[in-house]
Amino acid sequence: MDETKLTVRISRDLVENAKLYAAQNHTTLTELIKSFLQRLPAQHPLENAPIVRRLSGSLSQNVTVQDYKDHLESKYGQ
C-alpha cells in the first residue's frame with residue numbers, strides 16, 4: 001500500500017487532545033486518523049469485490065431487470 005503525507009490545519013487544542021487520547025489508548029495520531037478514514041464508505045465498494053469479479057460477464061449485456069422478474073415468475077409462479 002502506497003502511503004502519502006497529508007497536511008491539515010486544525011486548532012492546536014484539537015491536536016493536543018487527540019495526541020493525549022492516542023497516548024492513553026496506546027496508539028498514534030496517525031493510526032487514529034487512518035482508522036477513522038477507513039470507516040468512511042467507499043465510493044465504489046463493490047467494483048473490486050471478489051464475487052463481482054467472478055460473476056462479471058456471466059450474463060449477456062442485453063439482460064434486463066424485467067427479464068429477471070419474468071424468470072422468477074415462470075420459476076415460482078404467483
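The values are calculated or read from the model by the stated rules, or taken from the named source; none is laboratory data. Since the model is a prediction, treat every value here as computed from it, not as a measurement. We place every Cβ from the backbone using ideal geometry, glycine too, and count neighbours over all the protein chains shown. Side chains are part of the model used for accessible areas, which takes the heavy atoms of the whole protein and leaves out ligands, DNA and RNA. Shrake-Rupley method; radii C 1.70, N 1.55, O 1.52, S 1.80 Å.
Evaluating 6.51 cos²θ - 1.76 cosθ + 1.60 at θ = phi - 60° for every residue in region 8-24, the Karplus couplings come out as 10, 10, 9, 5, 4, 4, 5, 4, 4, 5, 5, 5, 4, 4, 4, 4, 5 Hz, glycine and proline recorded as x. Each residue of region 26-37 was assigned a 3J(HN,Hα) from its phi angle through the Karplus curve 6.51 cos²θ - 1.76 cosθ + 1.60 (θ = phi - 60°); the sequence is 6, 9, 10, 4, 4, 5, 4, 5, 4, 4, 5, 5 Hz, with glycine and proline shown as x.
If you plug the beta carbon distance of E73 and R53 into 1/(1 + (r/R0)^6) with R0 = 22 Å, you get a FRET efficiency near 0.15. When the scattering of the chain is computed by the Debye formula from its Cα atoms alone, each counted once and equally, what is log10 I(q)/I(0) at q = 0.23 Å⁻¹? Result of the Debye calculation: -1.16. The apolar share of the surface of the chain, taken as the fraction of accessible area on carbon and sulfur atoms (1.4 Å probe, ligands and nucleic acids excluded), comes to 54 percent.
Here's the list of aspartates and glutamates a cross-link from K75 could span, going by alpha-carbon distance under 13 Å and ignoring same-chain residues fewer than 8 apart: D67.
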